[in-house]
Amino acid sequence: MKKFILFVVVFLASSSLALGVQLGPATPSADHGEVNLGVGYFYKEADWGAVDIKQNRAYLHLGYGLGLGDEPRWEAYIRGGAADLDADDLDGDYEPFANAGIKGAFWDGPVFGWGMVLQGGYFADFEDNNLKIEQVWEIELGIPVQARLGRAFLIYAGPVAYKAEADAQNGIGSTELEEDNNLGGFGGFRWSAGNVSFEAEAQYKSDLSAGGLISVQF
């Protein structure tokens, strides 16, 4: 119960900031009633119309395992950290961002499984000289299909639907930016040793991105 209260307090305090990082497999690392605490890094490239962006994102992950012992596992989580932004004439410093989501398995068999990951995020403003990119947000819905290779190794892949927008302003005026396309794909693996898990993932949406997460469950 103390773990659950801690998670709810932090989740509510951070929910006003809700950009995407890795999605992961359907089955979360955290078991029912467990806290999942980790650190991650994600490198993102994207095409926002005529603007190409590059980002480095470092973040902390805090999740809580939901459901009952005889049901497939679900996890609600928040992620917070800092990210830079390079976009044509802009070289933005590291600014805070936050992400919140939920994931879980609709079916989790001995070998195969599938489920859903839904997450959304928001960034602080990026500014360089007279150029400013603000109100950056993103929402993603992934459907991972997974397979277990032994007890410690899990691989996954699936489609992802997404939408990302931002506003760009300079001394002359402003324009709305939107990431190209709305459908992509993602895939990766998780390796677990006891209560420690490591995930690595690649995504292709408007461009190629990749990252990793290491976490501990307790």
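Take the residues of the stretch 46-67 that are within 14 Å of the chain's Cα centre (by Cα) and not charged (D, E, K, R): which is most open to solvent (accessible area, probe 1.4 Å)?
Filtering first and then ranking leaves L60.
When the stretch 1-45 is examined, which residues are found to be at pLDDT 50 or above, open to solvent by 10 Å² or more (accessible area, probe 1.4 Å) and among the polar types (S, T, N, Q)?
Listed by number, the list holds a single entry, S29.
To keep it simple, each residue is scored yes or no on (1) exposed (fewer than 15 other Cβ atoms within 10 Å of the Cβ); (2) at pLDDT below 95; (3) more than 18 Å from V21 (Cβ to Cβ); (4) in contact with a His (Cβ under 7 Å, 6 or more places away or on another chain).
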{"residue": "W114", "(1), (2), (3), (4)": "no, no, yes, no"}
{"residue": "L131", "(1), (2), (3), (4)": "no, yes, yes, no"}
{"residue": "V136", "(1), (2), (3), (4)": "no, yes, no, no"}
{"residue": "P144", "(1), (2), (3), (4)": "no, no, no, no"}
{"residue": "G171", "(1), (2), (3), (4)": "yes, yes, yes, no"}
{"residue": "G187", "(1), (2), (3), (4)": "no, no, no, no"}
{"residue": "G194", "(1), (2), (3), (4)": "yes, yes, yes, no"}
{"residue": "A202", "(1), (2), (3), (4)": "yes, no, no, no"}
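Using the structure shown, decide if A76 is assigned to a strand (DSSP E or B), modelled with pLDDT of 90 or more and either farther than 20 Å from N195 by Cβ or open to solvent by less than 10 Å² (accessible area, probe 1.4 Å) (or both). Break it down stepwise before answering.
On the way: assigned to a strand (DSSP E or B): yes; modelled with pLDDT of 90 or more: yes; either farther than 20 Å from N195 by Cβ or open to solvent by less than 10 Å² (accessible area, probe 1.4 Å) (or both): no.
So A76 fails the test.
Considering E127, E140, E95, which residue is open to solvent by less than 40 Å² (accessible area, probe 1.4 Å), part of a strand (DSSP E or B) and out of contact with any Cys (no Cβ under 7 Å at 6 or more places or on another chain)? Break it down stepwise before answering.
Numbers: E127 fails: open to solvent by less than 40 Å² (accessible area, probe 1.4 Å); E95 fails: open to solvent by less than 40 Å² (accessible area, probe 1.4 Å).
Result of the check over E127, E140, E95: E140.
Would you please name the residue that is most open to solvent (accessible area, probe 1.4 Å), looking only at residues in the stretch 204-218 that are closer than 18 Å to A164 by Cβ and within 13 Å of the chain's Cα centre (by Cα)?
First pass over the stretch 204-218, keeping only residues closer than 18 Å to A164 by Cβ: 204-211.
The next check asks that each one be within 13 Å of the chain's Cα centre (by Cα); those that pass are 209-211.
On the way: S209: 5, A210: 44, G211: 16 Å².
Within the stretch 204-218, the match that is most open to solvent (accessible area, probe 1.4 Å) is A210.
What single numbered condition from (1) at pLDDT below 95; (2) part of a strand (DSSP E or B); (3) surrounded by fewer than 18 Cβ atoms within 10 Å (Cβ to Cβ) fails to hold for A161?
(1)
Can you tell me which residue among Y77, Y156, Y64 is closer than 19 Å to G38 by Cβ, in contact with a helix residue (DSSP H, G or I) (Cβ under 6 Å, 6 or more places away or on another chain) and of a type in the set (S, T, Y)?
Working: Y77 fails: in contact with a helix residue (DSSP H, G or I) (Cβ under 6 Å, 6 or more places away or on another chain); Y156 fails: in contact with a helix residue (DSSP H, G or I) (Cβ under 6 Å, 6 or more places away or on another chain).
Only one candidate passes the filter, namely Y64.
Within the set of pairs 6 or more residues apart or between chains, which connect a residue that is at negative phi and basic (K, R) inside the stretch 137-151 to a residue that is part of a strand (DSSP E or B) and surrounded by fewer than 19 Cβ atoms within 10 Å (Cβ to Cβ) with Cβ atoms less than 9 Å apart?
Correct list of pairs: R148/F112; R148/I155; R151/S192.
The values are calculated or read from the model by the stated rules, or taken from the named source; none is laboratory data. None of the values given here were measured: they were computed from a predicted structure. Using ideal geometry, Cβ is built from the backbone for each residue, glycine included, and neighbour counts are taken over all protein chains shown. Surface accessibility is based on the protein's heavy atoms, side chains included, excluding ligands, DNA and RNA. Shrake-Rupley method; radii C 1.70, N 1.55, O 1.52, S 1.80 Å.
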